[in-house]
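Below is one structure, written out as structure tokens, with a few remarks after it.
The values are calculated or read from the model by the stated rules, or taken from the named source; none is laboratory data. Only a predicted model underlies this, so the values are computations on that prediction, with no experimental measurement involved. Here the Cβ is made from the backbone with ideal geometry for all residues, glycine too, and neighbour counts use every protein chain on show. Surface accessibility is based on the protein's heavy atoms, side chains included, excluding ligands, DNA and RNA. Shrake-Rupley method; radii C 1.70, N 1.55, O 1.52, S 1.80 Å.
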Amino acid sequence: MKIYIIRHAIAELREQWDEPDEARPLTEPGRKKMLRIARGLSKLGVRFSRLYASPLVRAEQTAEIVRQRFKLKAVEQTDLLVPEANPALLLPWLNQHEEEAALALVGHEPHVSALLAFLLTGQMAAATPFKKGGVALLESNKPIRAGQCTLRWLLEPRQLAALGKN
């Protein structure tokens, strides 16, 4: 199984947002950069079988950009990707997918960093921060277990955006 962990793109600043945080959208520059990131992923030959996102607006909007670029049928929402979610709760859910699945999971910090660390090491402590629009590829055979996944790559948004400029 391939698991692509994606942090949402650049959103409105929390300090300048007067509405509930769940409704905080992407900025226009964030949308444009995420489009370049999605093109960069495409140039790397990435393919997704399923696309999941946190129900928070900025993650949904990021996932929608990915969905359009990869011509996927839908973005499926899951509370397992909200910022305060426990990464351990993802294991049974991940194991419900087929062995050949290529899952894109769009979420938030600190959850995406904790999820990456948990799948790689079995520990919840985040090993590395995810920049907005960053993507990691992990691979594992089923059953997926904490500490048993292999990191294939972790790319920063600027690297992916540079690939997707044209």
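Are there helices (runs of 4 or more DSSP H) fully within the stretch 1-96 with at least 2 residues that are closer than 17 Å to K131 by Cβ? List them.
Numbers: elements: 28-43, 57-70, 90-94.
In the stretch 1-96, the matching helices (runs of 4 or more DSSP H) lie at 28-43, 57-70.
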- Note on the structure: If we keep only residues of the stretch 26-49 that are open to solvent by 30 Å² or more (accessible area, probe 1.4 Å) and in contact with a strand residue (DSSP E or B) (Cβ under 8 Å, 6 or more places away or on another chain), then the residue farthest from Q159 (Cα to Cα) is S49
- Item | Subset of the stretch 125-141 [assigned to a loop (DSSP other than H, G, I, E, B), touching a helix residue (DSSP H, G or I) at 6+ places or on another chain (Cβ under 9 Å), over 24 Å from L26 (Cα atoms) and modelled with pLDDT of 95 or more] | S140
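Collect the residues in the stretch 5-53 that are of a type in the set (S, T, N, Q) and farther than 19 Å from K73 by Cβ, keeping them in residue-number order. Steps first, answer last, please.
Step one: of the stretch 5-53, the residues of a type in the set (S, T, N, Q) are 16, 27, 42, 49.
Matches in the stretch 5-53: Q16, T27.
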- Message: Which condition from (1) crowded, with 19+ Cβ neighbours inside 10 Å; (2) touching a strand residue (DSSP E or B) at 6+ places or on another chain (Cβ under 7 Å) is the one that L56 breaks?
- Response: (2)
- Query: Going by the conditions given, is E100 touching a Ser or Thr at 6+ places or on another chain (Cβ under 8 Å), open to solvent by 60 Å² or more (accessible area, probe 1.4 Å) and touching a residue at least 60 places away in the same chain (Cβ under 8 Å)?
  - Reply: yes
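Just a yes or no: is a residue in the stretch 117-124 surrounded by 14 or more Cβ atoms within 10 Å (Cβ to Cβ) and in a loop (DSSP other than H, G, I, E, B)?
Taking the stretch 117-124 as the starting set, the residues that turn out to be surrounded by 14 or more Cβ atoms within 10 Å (Cβ to Cβ) are 117-121, 124.
When the remaining residues are screened for being in a loop (DSSP other than H, G, I, E, B), the result is 124.
Yes.
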- Message: Just to be sure I understand the filter: pairs with C-beta atoms under 6 Å, separated by 6 or more residues or on different chains, first member in the stretch 3-27 and over 26 Å from L94 (Cβ atoms), second member assigned to a loop (DSSP other than H, G, I, E, B) and of a type in the set (A, V, I, L, M, F, W, C). Which pairs pass?
- Response: R24/W17; L26/A9; T27/I10
- Item | Any chance L81 is in contact (Cβ under 8 Å) with a residue 12 or more places away in the chain, touching a Phe, Trp or Tyr at 6+ places or on another chain (Cβ under 7 Å) and open to solvent by 20 Å² or more (accessible area, probe 1.4 Å) | no
- Out of L105, L72, report the one residue that is over 12 Å from the mean Cα position of the chain (by Cα), more than 19 Å from K165 (Cα to Cα) and open to solvent by less than 50 Å² (accessible area, probe 1.4 Å). L72
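Does L13 satisfy the condition of being at pLDDT 95 or above and at negative phi? Don't jump to the end; show me each part of the working.
Details: at pLDDT 95 or above: no; at negative phi: yes.
Here the answer is no, as L13 does not meet what is asked.
Listed here are the residues, each with its yes/no results for (1) modelled with pLDDT under 95; (2) over 17 Å from S42 (Cα atoms).
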site: A102; (1), (2): no, no
site: V106; (1), (2): no, no
site: E109; (1), (2): yes, yes
site: T150; (1), (2): no, yes
site: L160; (1), (2): no, no
